[in-house]
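The values are calculated or read from the model by the stated rules, or taken from the named source; none is laboratory data. None of these values were measured; they are calculated from a predicted model. When we count neighbours, we look across all protein chains shown, and the Cβ atoms used for this are built from the backbone with ideal geometry, even at glycine. What goes into the accessible areas is simple: the full protein's heavy atoms, side chains included, and nothing from ligands, DNA or RNA. Shrake-Rupley method; radii C 1.70, N 1.55, O 1.52, S 1.80 Å.
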Amino acid sequence: MSAPVILQEVSFAYGQGELRRLVLREVNLRVEAGEIVILTGPSGSGKTTLLTLIGALRAMQQGSARVLGQELLGAKEAARVALRRRIGFIFQNHNLLGYLTARQNVAMALELDGRTSERERLARAGEMLAAVGLAEHADKRPAQLSGGQRQRVAVARALVANPGLVLADEPTAALDRASGQEVVRLLRDLARRRGTPILLVTHDPRILDIADRIVHMEDGRIVEAMAAG
Ligand SMILES: Nc1ncnc2c1ncn2[C@@H]1O[C@H](COP(=O)(O)OP(=O)(O)O)[C@@H](O)[C@H]1O
Ligand SMILES: [Mg+2]
């Protein structure tokens with residue numbers, strides 16, 4: 001099986017004409033099967049843009065991105081939608097729906113495949129919430145949970161459908177040190193057990209130790225890759 005993420009010479013610009021601004025410059029990056037890679041670098045260096053390209057949330061302009069076997073350069077919207085369903089996303093501000101319970105939020109990630117009955121979805125969501133330590137809180141709404149608990153729900157939602165890849169953008173940014181570390185360790189442990197690769201963007205130095213490899217980005221380029229440890 002080839003690597004889940006293979007980027008070759010990926011460049012990307014926002015805007016047109018005189019306003020055109022190149023924000024990614026010939027980026028090469030691989031994430032191997034089961035690998036946990038942290039992408040770090042200053043604000044504005046292009047981390048989120050790169051993650052949204054890999055997640056098929058935005059159209060590629062130049063270079064090649066093979067993600068879970070799908071080439072994204074020139075990919076049709078239907079192919080991008082299909083790929084997104086095989087990826088677990090975790091964002092800075094959890095993106096949970098306020099009017100749904102934790103269990104319903106997690107179960108939503110299983111609705112997309114259209115095969116699982118609602119009962120089965122809620123049962124699997126409950127198991128996943130237990131795995132992130134929230135068995136007692138499954139029927140609460142996001143507003144009744146702490147920031148760390150909400151982000152653990154987001155972890156459960158990202159993993160419940162057994163994605164081939166997890167993409168996380170600043171998942172600890174809104175959390176204090178202790179809950180931030182707890183969330184990423186949980187994410188790492190659950191992903192490791194399933195062999196799910198993770199690409200996690202952060203500029204939080206407190207969580208770098210969960211990575212197999214740290215990749216550093218500056219001004220739209222990857223400037224440095226190092227083994228963690
Ligand atoms: N939608 C957008 N339109 C125009 N410029 C953008 C947009 N999103 C980001 N940028 C610019 O692209 C550059 C890279 O942004 P981003 O990928 O968000 O970096 P990071 O996640 O590393 O902070 C920044 O200069 C930012 O201002
Ligand atoms: Mg960002």
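Between the C-alpha center of segment 31-102 and that of segment 137-197 there is a gap of 16 Å.
Here the chain carries DSSP beta bridges of which approximately 55% are antiparallel, counting only pairs with both residues inside. Computed from label points 7 Å out along Cα-Cβ, the spacing between R119 and R185 is 3.9 nm. The alpha-carbon positions of segment 33-105 define a convex hull whose volume is 142 Å³ per residue. Ordering 28-34, 207-213 by mean Cβ neighbour count within 10 Å, with the highest value first, yields 207-213, 28-34. Note on E136 and R20: with the Förster distance fixed at 41 Å, the Cβ-Cβ geometry gives a FRET efficiency of about 0.20. Just how many % of Cα pairs in the chain lie over 23 Å apart, if you round to the nearest whole percent? In whole percent, the long-distance tail amounts to 47. Counting only DSSP H runs of at least 4 residues, each contributing -39500 (n - 2.57), and dividing by the residue count of the chain, the helix-based mean residue ellipticity at 222 nm comes to -9000 deg cm²/dmol. Of the peptides 150-156, 87-93, the ranking by mean beta-carbon count within 10 Å, highest at the top, reads 150-156, 87-93. Among R119, R84, R20, the residue with the largest mean-square fluctuation in a Gaussian network model of the chain, with springs joining Cα atoms closer than 10 Å, is R20.
Any chance you could look up the accessible area of H203 with a 1.4 Å probe, heavy atoms only, rounded to 10 Å²? Accessible area, nearest 10 Å²: 100 Å². Can you tell me the orientation of helix 177-194 relative to the chain, as the angle in degrees between its alpha-carbon axis and the longest Cα principal axis, to the nearest 10? The angle comes out near 90 degrees.
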